[in-house]
1. Assuming R0 = 56 Å, can you tell me the calculated FRET efficiency for the pair residue 161 and residue 106, based on Cβ-Cβ distance, to the nearest 0.05?
2. In what sequence, highest mean first, do 350-361, 297-308, 219-230 appear when ranked by Cβ atoms within 10 angstrom?
3. Could you look at the stretch 213-264 and say what percent of its accessible area is carbon and sulfur, using a 1.4 Å probe and all protein chains?
4. Report the Cα centroid-to-centroid distance between the stretch 82-110 and the stretch 1-77 in angstrom, as an integer.
5. Evaluate the distance, in nm, between pseudo-label points positioned 7 Å from the Cα of residue 184 and of residue 40 along their respective Cα→Cβ axes.
6. For the chain, take the longest principal axis of its alpha carbons; what is the angle in degrees between that and the long axis of helix 133-144, to the nearest 10 within 0 to 90?
7. Want the number for residue 345 to residue 215: 0.36 nm per residue separation, take away the alpha-carbon distance, what's left?
8. Just the number, please: carbon plus sulfur as a percent of the accessible area of the stretch 25-93, 1.4 Å probe, no ligands or DNA/RNA counted.
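The values are calculated or read from the model by the stated rules, or taken from the named source; none is laboratory data. Everything numeric in this text was worked out from a predicted model, so none of it was measured. Cβ atoms come from the backbone with ideal geometry, glycine included; neighbour counts cover every protein chain shown. Just so you know, the surface numbers come from the protein's heavy atoms only, side chains and all, with ligands and any DNA or RNA stripped out. Shrake-Rupley method; radii C 1.70, N 1.55, O 1.52, S 1.80 Å.
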Amino acid sequence: MMEKSEGTLSPFVYWAQTDSVATLKVDLKSVKDPHLRIKEETVEFSANGVGAQGLKRYSFALHLSAAIDPDKCSLKVTDRQVDLTLCKTKKAWWPRLTAKPQKPAWLKIDFDKWKSEEDFDEDETRDIRRDFPEIYDKLQKEELGYRRESAKKIYLAIYNLLQFIGFSYVLIVMYIRHYKSGAESMEGTYEAVGPAMKFIQLMQFLEVLHPMFGYTKGSALTPFLQVTGRAIILFVMIEAEPRMQTKPVVFYLFLVWSMIEVVRYPYYITQLYNMENSILTWLRYTIWVPLYPLGFLCEGVVIIRDIPYYEETNRFSISMPNKWNFSFYLPTVMRIYLLFLCVPMMYFMMSHMYRTRVKKLGPKSWIRKYN
């Protein structure tokens with residue numbers, strides 16, 4: 001590496017890489033008289049510009065950790081910065097930019113560019129965070145002293161943790177009440193945990209937005225159907241009809257919902273941080289087998305019990321004549337759902353869960369085989 005004379009100023013330089021190129025972003029504005037010298041393993045740069053010390057002459061030299069092709073390297077000067085593209089002679093991810101482990105204080109890692117599309121292959125996008133997580137973690141720890149997480153991952157971790165806490169609270173309160181009072185506690189289930197269940201149920205509508213904004217993979221249709229269906233049962237069938245709130249079926253419905261979710265949300269957290277727990281994974285893709293049919297059964301019982309109540313009160317129904325020239329009779333809609341839509345909806349959700357289970361665990365994972 002070129003020796004620097006005393007008093008020479010160096011600009012901040014931010015580097016990133018793909019498997020075929022390394023990029024340098026020189027933090028200099030209004031650059032004039034740039035001089036660049038590139039050899040197989042060295043890069044030397046100097047220019048007049050506005051840097052951390054104001055308008056002065058800045059320079060730096062780097063002895064690279066691997067060889068580059070000087071003929072294919074490029075320099076781009078803009079009003080805000082200088083961009084260097086160094087083409088590697090061999091495709092590989094470098095563990096560091098410089099040959100020596102000790103890097104200068106002015107050399108930083110440009111983490112925002114670690115995920116980038118190669119200029120020479122428009123069809124392939126590489127991400128070191130996925131393909132080479134150990135290298136990325138090592139570089140980030142060397143640069144920052146800790147593993148920096150994206151805001152998206154932090155948000156999803158907090159969301160899943162809060163939902164897990166919410167459903168755990170519902171289960172714990174129901175268990176304590178049932179332990180103390182037995183079956184008599186069922187009548188007051190909604191009064192005890194209804195507010196918490198309503199809050200976490202409303203929060204679940206965020207899961208419809210997550211795939212729409214790219215926070216999670218998959219379609220928004222499945223969470224929309226599941227979350228909306230639960231919301232109708234909770235807010236229309238139970239919250240809006242006080243006589244339903246004291247029925248034992250509410251206890252069993254909340255029990256089924258909560259048992260599903262206290263497994264699902266911890267599983268999502270482990271997936272965010274690439275931690276694999278075989279027991280939790282197996283439960284996530286197996287516990288729905290008995291609980292989903294039980295959940296649909298409880299929801300069906302709630303609807304059946306509510307039909308005479310809504311026939312009596314006509315709540316949420318619209319009678320003619322009215323200015324819209326439109327009528328809506330909720331008990332009829334409830335009967336149509338039970339007769340024609342309940343079973344197809346259950347089939348759709350069960351089929352979706354079965355496909356995800358086969359993809360994750362395989363088609364022959366229902367029974368463990370021992371040799």
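1. Using R0 = 56 Å, I get an efficiency of 0.90.
2. Taking the mean over residues of other Cβ atoms within 10 Å, the ranking is 297-308, 219-230, 350-361.
3. Reported share for carbon and sulfur atoms: 72 percent.
4. 11 Å
5. Label at residue 184, label at residue 40, 9.0 nm between them.
6. 70 degrees
7. Contour length minus the Cα-Cα distance gives 44.2 nm.
8. The computed percentage sits at 43.
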